[in-house]
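Presented below is the structure to which this report refers.
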Amino acid sequence: MNVRTEFDWNGDEVKIIGHRVVRKTAYETGLVVEGQAKVLTPVKTGRLAGSITTQASDHGNNVRSPATDTDKINAPTDAMEVLVGTAVDYAPYVEYGTRRSGAQPFLRPALDLAKGNVLTIGRKNGKAEFKDYLK
């Protein structure tokens, strides 16, 4: 028995879609980290929690433009990188503590909580982006 199957090579298109899935998944995971960090941030005035942002490069994606407020972090230059954090000057002292006050971590625990969502977010984005290939 001789079976002949013809395939169209869509490798370049698949790479582009794959990069889009990765960028979108990283950004959405960053948003989960941001949300968790805002919940975990100790509140005195609300400035610290309000300054936590998620930033991604807009190279070919236009996800979000760099923050302009001095409390916000800037967007990364790498297209596959997402940053979550704050530029508030006292944030490291809250996160790690000082010799006079104990640590009240909010970013590291938020990242730990969000790690469990990465596969779910990636699967959802992959199915949405590759729906034409999954028929």
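Of 102, 48, 70, whose Cα points farthest to the positive end of the dipole of the range 12-129 (charges on the beta-carbon: +1 Lys, Arg; -1 Asp, Glu; origin at the Cα centre)?
Of the options given, the answer is 102.
With viscosity set to 0.890 mPa s at 25 °C, what whole-number translational diffusion coefficient in µm²/s follows for the range 12-129 from Stokes-Einstein and a Kirkwood radius over Cα pairs?
For these conditions, the coefficient is 162 µm²/s.
How big is the charge dipole of the range 12-129 about its Cα centre, in debye rounded to the nearest 20, if each Lys and Arg gets +1 on its Cβ and each Asp and Glu gets -1 on its Cβ?
It works out to roughly 400 debye.
To make sure I understand the rule: partners must be lysines, Cα under 27 Å from the Cα of residue 127, and not fewer than 8 residues away in the same chain. Which ones qualify?
Qualifying lysines at Cα under 27 Å: 15, 24, 115, 135.
Readers should treat all values here as calculations from the given coordinates under stated rules, not as data from a laboratory. No experiment lies behind these values; they were computed from the predicted model shown. Because the Cβ atoms are built from the backbone with ideal geometry, glycine has one as well, and the counts that use them run over all protein chains shown.
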